[in-house]
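Quick note: the coordinates plus some simple rules give every number you see, no bench work behind them. Remember, it's a predicted structure, so these values are computed and weren't measured experimentally. A quick note on method: Cβ atoms are made from the backbone with ideal geometry, for glycine too, and the neighbour counts reach across all protein chains shown.
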Amino acid sequence: VAPRLVASTGGPNTMVVGPGCFTPEVAKAARMSNLIEHKGQCTAMRHLVLPQATEDDVRTMYSDTPTLLSGGAPESLRLKEFSALLKGLQKPLASGYTELSVGEGSVAIRFGKRPPADIDEQWREAYLDITAPAS
């Protein structure tokens, strides 16, 4: 999707998208990185900086997300789809997050104008923090 995109911090990763650069390819790369086995990998993105982002932008990012709620990770690997929704979210959601429906599943999202003070990894959960500063 984005051949020169690399991230590996051993903790929550951030992707920064420049103003006017949120192309379908970047949206797909962001989705894939955020959902890669629901952050079971150290290269997964947990925080997206997207100037002037709206919920519709985020919804578009997840619009073609495969849903594999029953087969889990083994089915995902068999289908070579490493960023499908593997299960539903644990309830209640972490404080400050809202649920964004994605097909048969959902992703927990939290918007802010500034980066969050803390980001919990939410291990194996579909969570995303979005920082949406004004351009």
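Starting from the Cα-Cα distance between SER95 and THR23, subtract it from 0.36 nm times their residue separation and give me the gain in nm to one decimal.
Result for the pair: 22.9 nm of gain on full extension.
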(message) Just to verify a number: FRET efficiency for GLU121 and THR67, C-beta to C-beta distance, R0 = 25 Å, to 0.05?
(response) 0.65
(message) Run the simple label-point estimate for LEU77 and SER135 please: 7 Å along Cα→C-beta, distance reported in nm.
(response) 4.3 nm
(request) Just check the stretch 91-135 against the gyration tensor rule for me: Cα atoms, a ≥ b ≥ c as the square roots of the eigenvalues, rounded for a/c under 1.5, and otherwise prolate or oblate depending on whether a/b exceeds b/c. (result) oblate
(request) List every residue whose amide H lies under 5 Å from the amide H of SER106, counting only residues 5 or more places away in sequence or on a different chain, with H placed 1.01 Å from N in the peptide plane. (result) LEU89
